[in-house]
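Reviewing the structure listed below.
The values are calculated or read from the model by the stated rules, or taken from the named source; none is laboratory data. Treat the numbers as computed from the prediction; the structure is a model and nothing was measured. Virtual Cβ from ideal backbone geometry, glycine too; neighbours counted across all protein chains shown.
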Amino acid sequence: MMLSLAAVSADYGSFRALFDVSLEISSGEAVGVIGPNGAGKTTLMRVISGLVPPSSGTMTFEGRPISGLSAHRMVEQGIAHVPENRRLFPRLTVEDNLRIGAFIPKARPRYAERLDQIYGLFPRLKERREQPAGTLSGGEQQMCAIGRALMSRPKLLLMDEPSAGLAPLVVAQVFSLVRRIRAEGLTVLIVEQNVQQVLEVVNRAYLLQVGAIKLAGTSADLKGNELIRKAYLGL
């Protein structure tokens, strides 16, 4: 098992955002977390990437305990996070933003080689590499954020709402990109409100509502589930 969460809860002050969440991801899998706004999806991602410490429960990565590690230590373990709203450095160039993704010691020696690979995956970023990241379109910024996360050579890629705020055509491009990343053998955990699209690219998914897991199953199971069909697929 690559990542395992057992009864993980998380708080913001006196507010509990996650209640006893348990989930597992095997190597090479793509797993989705779906659910309404305010369900705790972003908090879950922030707990896994070390930005929010769990208040209880345990997390392991490749069998090693990781609960409470800081964000930069999580990157060293092999977990990279593409945050909601991309969070690029708008005044820095595209290439400088990508360079920041390779700050961990193990990624630095192969920086040039990794940069070539990212430009191979995203030719548009190569064309724009001297531009300030803030001048890119929404879709290009999302590519840059994904590219930055991939620069650390992660084993697990966390993607938080990758389709948020993007035009439908660009959303389709982002999900086709997820397929390509998966084809390279990377394990992906993707949090997404666009339920229809995400169930097309993941093997399994969890439904998170009010901070707790309410349903889990294969994509096919969830597509056929009456609750999901009514509440999220409009069927």
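Of all the residues that make up the range 1-35, how many are within 17 Å of V191 (Cβ to Cβ) and either among the β-branched types (V, I, T) or loosely packed, with under 14 Cβ neighbours inside 10 Å (or both)?
The total comes to 6.
For every residue, the table says whether it meets (1) free of Cβ contacts under 8 Å to residues at least 12 places away in the same chain; (2) under 30 Å from E127 (Cβ atoms); (3) out of contact with any helix residue (DSSP H, G or I) (no Cβ under 9 Å at 6 or more places or on another chain).
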residue	(1), (2), (3)
G40	no, no, yes
L44	no, no, yes
S70	no, no, yes
M74	no, no, no
A80	no, yes, no
I100	no, yes, no
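Just one of (1) of a type in the set (D, E); (2) over 30 Å from M1 (Cβ atoms); (3) touching a residue at least 24 places away in the same chain (Cβ under 8 Å) trips up E161, so point out which.
Every listed condition holds for E161 apart from (2).
So which residues in the range 14-35 are of a type in the set (S, T, N, Q) and free of Cβ contacts under 8 Å to residues at least 40 places away in the same chain?
The one that is of a type in the set (S, T, N, Q) and free of Cβ contacts under 8 Å to residues at least 40 places away in the same chain: S14.
Looking at (1) small (G, A, S); (2) within 26 Å of S22 (Cβ to Cβ); (3) at pLDDT 90 or above; (4) not in a helix (DSSP H, G or I), which is the one condition that is false for S152?
Result: S152 passes all but (2).
Quick one: how many residues across the range 168-204 are touching a Ser or Thr at 6+ places or on another chain (Cβ under 9 Å), free of Cβ contacts under 8 Å to residues at least 40 places away in the same chain and not in a helix (DSSP H, G or I)?
Count: 1.
So that you can scan it fast, the table gives a plain yes or no per residue for (1) closer than 20 Å to A164 by Cβ; (2) surrounded by fewer than 20 Cβ atoms within 10 Å (Cβ to Cβ); (3) at pLDDT 95 or above:
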{"site": "E62", "(1), (2), (3)": "no, yes, yes"}
{"site": "E76", "(1), (2), (3)": "no, yes, no"}
{"site": "P83", "(1), (2), (3)": "yes, yes, no"}
{"site": "R87", "(1), (2), (3)": "yes, yes, no"}
{"site": "K106", "(1), (2), (3)": "no, yes, no"}
{"site": "A112", "(1), (2), (3)": "no, yes, no"}
{"site": "E127", "(1), (2), (3)": "no, yes, yes"}
